[in-house]
Amino acid sequence: MSSYIGRHAEFYDVFYADKPYTEEAAFVHRCLQQYSVGTARRLLELACGTGTHALALEKFGYEIVATDYSEDMLACARRKAAEVSSSVDFRWQDMRTLDISEGPFDVAMCLFDSIGYIETNETLMQVLRGVHHHLRPDGLFVFEFWHATPMLRSYDPVRVRRWSTPEGELVRISETELDYAKQLARVTYTIYELRRDGTYTSLKETQTNRYFLVQEMAGWLSTCGFTPVKWFAGFALDENITERTWHIVAVARKCGE
Ligand SMILES: C[S@@+](CC[C@H](N)C(=O)[O-])C[C@H]1O[C@@H](n2cnc3c(N)ncnc32)[C@H](O)[C@@H]1O
């Protein structure tokens, strides 16, 4: 089972064209400068998608292995990398069974709530222990997760968004159902590619993502050998986490084997 399959991967950069990837990468760089014990140079990215953060971070001098389990997303990432003669090493990896022989890394990173694709406690521990294994002592794990509070208070059961493209228009309908016991949001995307000549194609994909509370995540980190260092309200240095903070950026340090 994968996500962002086929045309859905091709549309990804259209959907997120307004996302401030460059600023987010700069924020991660600042965090690493502030919290890394010793120099942070070798970076492992989990769930890199189409590679935009990795390509931006490379400009700060990091040596990056960026991984994802969607071959279609990786194909987009490699295409973009070739256009800018990047040396980022894009590889297929399922973060639940992380296995990169060229470790250890100074930093691991998993952004845009991608850790939420890990649905169960057991697999979450598997991921965190895999990250721990691939980090050097004192290495940092920087990741972003969906915050439970706004999700439970104000999620949109149905959302419709539109994007103009050179060929016509993309329409995406997102239908969300919550599983309160498992803390999962099941989002079914129906995407219409409307062409100027009146023809269209459509695709449907359901993705399931988990949402977390901050102290719950602190517990998982401690169980798996990390010390939480800092929680940010998204990519903002000076904002408090509130009931309206949808995305939490966490910095955690590996502590012991
Ligand atoms: C919302 S996208 C985020 C991509 C990228 N981090 C970004 O910020 O644009 C989620 C990504 O997680 C990947 N993903 C989900 N589950 C995964 C898993 N078990 N192992 C590796 N990648 C996974 C998907 O293929 C997708 O590329």
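The values are calculated or read from the model by the stated rules, or taken from the named source; none is laboratory data. Source: prediction; values computed, not measured. Every residue, glycine among them, receives a Cβ derived from its backbone with ideal geometry; neighbour counts consider all protein chains shown. In case anyone asks, the SASA skips ligands and DNA or RNA and just uses the protein heavy atoms, side chains included. Shrake-Rupley method; radii C 1.70, N 1.55, O 1.52, S 1.80 Å.
A few comments on the model shown:
- Amide H contacts under 5 Å for Phe90, placed H, 5+ residues apart: Ala66
- Under 5 Å between amide hydrogens, built in the peptide plane, is the criterion, and for Cys48 it picks out Thr67, Asp68 among residues at least 5 positions away or on other chains.
- Normalised Debye scattering of the range 1-152 at q = 0.19 Å⁻¹ gives log10 I(q)/I(0) of -1.27, counting only Cα atoms as equal scatterers and leaving out solvent.
- Taking a Cβ cut-off of under 12 Å around Gly51, the surrounding Lys, Arg, Asp and Glu residues balance to a net charge of -2, with basic ones at +1 and acidic ones at -1.
- GluC sites (Glu not before Pro) restricted to the range 96-158 and DSSP loop, no more than 14 other C-beta within 10 Å: Glu102
- Student exercise, the chain dipole from Lys, Arg, Asp, Glu Cβ charges, in Debye to nearest 20: 200
- Rounded to the nearest 10 degrees, the angle from helix 71-83 to the longest Cα principal axis of the chain is 80 degrees.
- Each residue of the range 132-137 was assigned a 3J(HN,Hα) from its phi angle through the Karplus expression (A = 6.51, B = -1.76, C = 1.60, θ = phi - 60°), giving 3, 5, 8, 9, 6, x Hz with x at Gly and Pro.
- Sequence-distant lysines (8 or more away, or on other chains) whose Cα lies within less than 25 Å of Lys204: Lys19, Lys182
- Percentage relative contact order, the range 29-178, counting C-alpha pairs under 8 Å, at least six apart: 20
- Ordering Tyr200, Ala66, Thr223 by the projection of their Cα atoms onto the charge dipole of the chain, which places +1 on the Cβ of Lys and Arg and -1 on the Cβ of Asp and Glu, puts Thr223 at the extreme positive end.
- For Lys230, the amide hydrogen comes within under 5 Å of the amide hydrogens of Val251, counting only partners 5 or more places away or on other chains and with H modelled in the peptide plane.
- Sites Ile241 and Ile5, calculated FRET efficiency, Cβ-Cβ separation with R0 45 Å, nearest 0.05: 0.85
- Solvent exposure of the range 140-257, expressed per residue, is 52 Å² of accessible area, with all protein chains present and a 1.4 angstrom probe.
- Of the accessible area of the chain, computed with a 1.4 Å probe over protein heavy atoms only, carbon and sulfur atoms account for 49 percent.
- In sequence order, calculated HN-Hα J values of the range 201-215 (Karplus, 6.51, -1.76, 1.60; Hz; x Gly/Pro): 10, 9, 9, 10, 8, 9, 10, 10, 10, 8, 10, 9, 9, 5, 6
- Mean projection area, nm², convex hull over Cα of the chain: 13.6
- Cα-projected label distance for Leu178 with His133, points at 7 Å along beta-carbon direction, nm: 3.5
- The HN-Hα couplings worked out from phi for the range 107-121 by the Karplus form 6.51 cos²θ - 1.76 cosθ + 1.60 (θ = phi - 60°) are 9, 10, 8, 8, 10, 6, 6, 5, 5, x, 5, 8, 8, 10, 4 Hz, whole numbers, x standing for Gly and Pro.
- Contour minus Cα-Cα distance for Ser154 and Tyr200 (0.36 nm per residue): 13.3 nm
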